[in-house]
Amino acid sequence: MKILVCISKTPDTTSKIAFKNGNTQFDEAGVQWILNPYDEWYALVKALELKEKDPSIVLHLITVGTADCDPVIRKALALGGDEAIRVNTDSTDSYSIAVQIAAVAKEGGYDLILTGKETIDYNGASVPGFISELLDIPYVSLAIKFELNGSVATIDREIEGGEEVNEVALPVVVGCQKGMAEQRIPNMRGIMAARTKPLKVVAPIAVDALTSVVNFELPLAKAGVKLVAADNVAELVRLLHEEAKAI
Amino acid sequence: MCVLIFVDQTEGHIKKSSYEVLTYGVKLAAQIGTTAEALLLGTVNDDLAALGKYGVSKVHQAANETLNHLDAQLYAKVIAEAVQSIGATVVVLSHNQTGKAIAARISARLKAGLVTGAIALPDTSNGFVVKRTVFSGKAFANVNIVTPIKVISLNPNSFHVAVGEGSATVESLNVTVDPSKIKVTAVNKVSGEVPLTEADIVVSGGRGLKGPENWGMIEDLAHELHAATACSRPVADSDWRPHHEHVGQTGVQIAPNLYIAIGISGAIQHLAGVNRSKVIVVINKDPEAPFFKAADYGIVGDAFEVVPQLTAEIKKMHNN
Ligand SMILES: Cc1cc2nc3c(=O)[nH]c(=O)nc-3n(C[C@H](O)[C@H](O)[C@H](O)COP(=O)(O)OP(=O)(O)OC[C@H]3O[C@@H](n4cnc5c(N)ncnc54)[C@H](O)[C@@H]3O)c2cc1C
Ligand SMILES: Nc1ncnc2c1ncn2[C@@H]1O[C@H](COP(=O)(O)O)[C@@H](O)[C@H]1O
């Protein structure tokens, strides 16, 4: 059995978001890069749990990005996994990213492809959907629980106000979120081992982007908070009703 | 040429977010000088002709029972087929749980550029540029779709529903539906609660509430406001509240009309999940809590005193 986990790098959750070149590009100056939390905490750790139960599982990690992704993919390898693949290209078009991953996945013949539910920078929630369509295999998004019995997966996915349990035969693409696995911290042994694990860099295939980012905008600053005294709660209710028309 | 609006349903009823998408699609059609038609998969109890009130002239229905449950692979195939047979040039759907599963698949099938999480009508003066949120609500991106067919998924709660008069013709759509590869073995809904991602008002509690035994006052306030309940991450991590209530960068992202944060400090990762709320109210005993910077209204005070009073005052208002 072969599992592929899709890993993307994102700015640290506390990063200040700024843009440059006439607001056409994200300003990376001073930004700390981390593994996208959904990819790390949920997709990757779930795959590790599966491999711990069944050591015959082959676990590969993939990222689409330029060489500045290497520290992040090494960090992922420090948590676990047999080898990593980096497709050497970058794009803000999620379809173009997914085309690269799908090409590697087709070649590798993976039974299970795990991704995060979304990246916390572009928040597209679309790469896994694209991959599944390009491979023409089922896709379960917003997964909160995953169990494997032979070649059949039982997956709980989020629906409005609850969850639904899906049973699906492999191969399948799963978009992971909270609930899937417990967060882990890499240990020294893992970090050392990661240095010698293979990181294959492959050339991208040609693809035409379907979208392009024109520019970015920052939201307007809030007008400032209106404080109401703690002994005058009625006034807050009045403001919410009459001024904000929120209740 | 037309704008095709995907109307999402569950258990025989059209979802609230679909009405927002109907209004969005109808306005978009008017903007680009074409008609708006709706597409519904599966069977429903709601009156489909009544969707005419939202401005669509026609509702296409693929009344196949296999489609009553989401299977992203089947949905995308049927929708893409419908787009081609109807000759639609834009597909709009909600960026809700279903939309997140199918939007990219539809896009890939049709080689049609996709923008997810749109928050406004496109600017069609030069290209087809759609504004969406990025960096967890900390910024926006304007994205140009360069393909002849476009797919847009709209962020829930970012567009007001407009309803008027009218009746739509309902046509059945003949499509081939393969057997589903996904078997739904259970649906577990938390009964009696307002779904968090669909709620107009959300009442949320943080570590300042000290323990799960104190959530009664949060639930009372939520009940009085017909609101959903939410919480900060440490609260869910400590199992004080169920995981699905965790909002923020690593939890659920919401954009209700009103978000009431009680005993939550307002860490940047928390704000990332709620900063698109229209009105934010913060109740915190610490005047220096960062959340006040993101708030519209605030009370510096002890939640255990303020919250019961707030519930009582709202009850008073409702009784008048
Ligand atoms: C990668 C990463 C991702 C994260 N993702 C998320 C996320 O998605 N969502 C999230 O919420 N957090 C997230 N966090 C955690 C986040 O940084 C904060 O630690 C967390 O939001 C704090 O929760 P809190 O406000 O409930 O608790 P605290 O920070 O402990 O704040 C409690 C607040 O309650 C107030 N208080 C205490 N007693 C009272 C009282 N009697 N009455 C009124 N107020 C009172 C205090 O003044 C304080 O402001 C993430 C962190 C990291 C590193
Ligand atoms: N550049 C990338 N390389 C590898 N995987 C990615 C990349 N971008 C996105 N993904 C995967 O797709 C998921 C959803 O991303 P997105 O559609 O951008 O929100 C992420 O959580 C990752 O698992």
Inset, instruction - Just name one of A:Met188, A:Ala209, A:Ala230: the one whose Cα is farthest towards the positive end of the charge dipole of chain A (beta-carbon charges, Lys/Arg +1, Asp/Glu -1). - result: A:Met188
Inset, instruction - For helix A:70-79, report the angle its Cα long axis makes with the longest principal axis of the Cα atoms of chain A; keep it between 0 and 90° and round to the nearest 10°. - result: 80 degrees
Inset, instruction - State to the nearest 20 debye the size of the charge dipole of the protein assembly as shown about its Cα centre, where the only charges are +1 on K and R beta carbons and -1 on D and E beta carbons. - result: 1140 debye
Legend entry - Nonlocal Lys pairs with alpha-carbon distance under 16 Å, segment A:1-130 (8 or more apart, or different chains): 7
Legend entry - Hull-based mean projected area of chain A, where the convex hull spans the alpha carbons, in square nanometres: 17.8 nm²
Inset, instruction - Please list the radius of gyration and Dmax for segment A:54-108, considering alpha-carbon atoms only, with Å as the unit. - result: 12.0, 36
Legend entry - Largest-first principal axis extents, alpha carbons of segment B:55-124, Å: 38, 27, 23
Legend entry - Estimated dipole of chain B in Debye, rounded to 20 [Cβ of Lys and Arg +1, of Asp and Glu -1, Cα centre]: 1020 debye
Inset, instruction - Determine the percent antiparallel among the DSSP beta bridges restricted to the protein assembly as shown, to the nearest 5. - result: 35 percent
Legend entry - Stretch in chain A that is longest and holds no GluC sites (Glu not before Pro) that DSSP places in a loop and that have at most 14 other beta carbons within 10 Å: A:29-181
Legend entry - Cα-centred dipole magnitude for segment A:122-247, charges only on beta-carbon of K, R (+1) and D, E (-1), debye, nearest 20: 840 debye
Inset, instruction - Let me know the volume per residue of the alpha-carbon convex hull for the protein assembly as shown, in Å³. - result: 156 Å³
Inset, instruction - Only helical DSSP H runs with n ≥ 4 go in: add -39500 (n - 2.57) per run for chain A, normalise by residue count and round the 222 nm mean residue ellipticity to 500 deg cm²/dmol. - result: -7000 deg cm²/dmol
Inset, instruction - Could you work out how far helix A:94-108 tilts from the main Cα principal axis of chain A, as a 0 to 90 degree angle to the nearest 10? - result: 20 degrees
Inset, instruction - State the Cα centre-to-centre distance between segment A:38-75 and segment B:27-55 in whole Å. - result: 43 Å
Inset, instruction - Read phi for every residue in segment B:39-53 and hand back ³J(HN,Hα) as whole Hz from Karplus 6.51 cos²θ - 1.76 cosθ + 1.60, θ = phi - 60°, with x for Gly and Pro. - result: 10, 10, 9, x, 10, 9, 8, 5, 7, 6, 4, 5, 5, x, 4
Legend entry - Peptide B:117-124, shielding by other chains (average Cβ, 10 Å cutoff): 1
Inset, instruction - Report the normalised scattering of segment B:54-196 as log10 I(q)/I(0) at q = 0.09, 0.16, 0.21 Å⁻¹, calculated by the Debye formula with identical scatterers on the alpha carbons. - result: -0.33, -1.06, -1.43
Inset, instruction - Place the peptides A:187-193, B:311-317 in order of packing, highest mean first, counting for every residue the other Cβ atoms within 10 Å and averaging per peptide. - result: B:311-317, A:187-193
Legend entry - Averaged over B:287-296, number of beta-carbon atoms from partner chains that fall within 10 Å: 3
Inset, instruction - Using only atoms on other chains, find how many Cβ atoms lie within 10 Å of each Cβ of peptide A:219-225 and report the average. - result: 4
Legend entry - For segment A:118-135, 3J(HN,Hα) per residue [Karplus equation, 6.51 cos²θ - 1.76 cosθ + 1.60, θ = phi - 60°, Hz, x = Gly/Pro]: 6, 8, 7, 9, 8, 6, x, 6, 10, 4, x, x, 4, 4, 5, 5, 5, 8
Inset, instruction - Restricting to segment B:2-142, compute how many DSSP beta bridges are antiparallel as a %, nearest 5. - result: 35 percent
Legend entry - Helix-only mean residue ellipticity at 222 nm for chain B, each DSSP H run of n ≥ 4 adding -39500 (n - 2.57), per residue, nearest 500: -8500 deg cm²/dmol
Inset, instruction - Quick one: plug the Kirkwood hydrodynamic radius of chain B (C-alpha pairs) into Stokes-Einstein at 20 °C, 1.002 mPa s, and report D in µm²/s. - result: 102 µm²/s
Inset, instruction - Give me Rg over Rh for segment A:34-150, both radii from the alpha carbons and Rh done the Kirkwood way, two decimal places. - result: 0.92
Legend entry - Packing rank of B:272-280, B:209-217, where each peptide gets the mean count of other beta carbons within 10 Å, highest leading: B:272-280, B:209-217
Inset, instruction - Using the charge dipole of the protein assembly as shown (Lys, Arg: +1 at Cβ; Asp, Glu: -1 at Cβ; taken about the Cα centre), state which of B:Leu154, B:Val115, B:Val252 has its Cα farthest towards the positive end. - result: B:Val115
Legend entry - Charge dipole of chain B about the Cα centre (unit charges at C-beta), most positive-ward option of B:Asn284, B:His243, B:Thr66: B:Thr66
Legend entry - Ordering of B:163-170, B:249-256 by packing [mean C-beta count within 10 Å, highest first]: B:249-256, B:163-170
Inset, instruction - Quick one: compute the contact order of segment B:2-172, relative version, from alpha carbon pairs under 8 angstrom and 6+ residues apart, as a percent. - result: 29 percent
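Computed from the coordinates by the stated procedures, all read-outs in this text should not be read as laboratory data. Since we're looking at a predicted model, the values are computed, not measured. Heads up, the Cβs are rebuilt from the backbone with ideal geometry, glycines too, and the neighbour counts pull from every protein chain shown.
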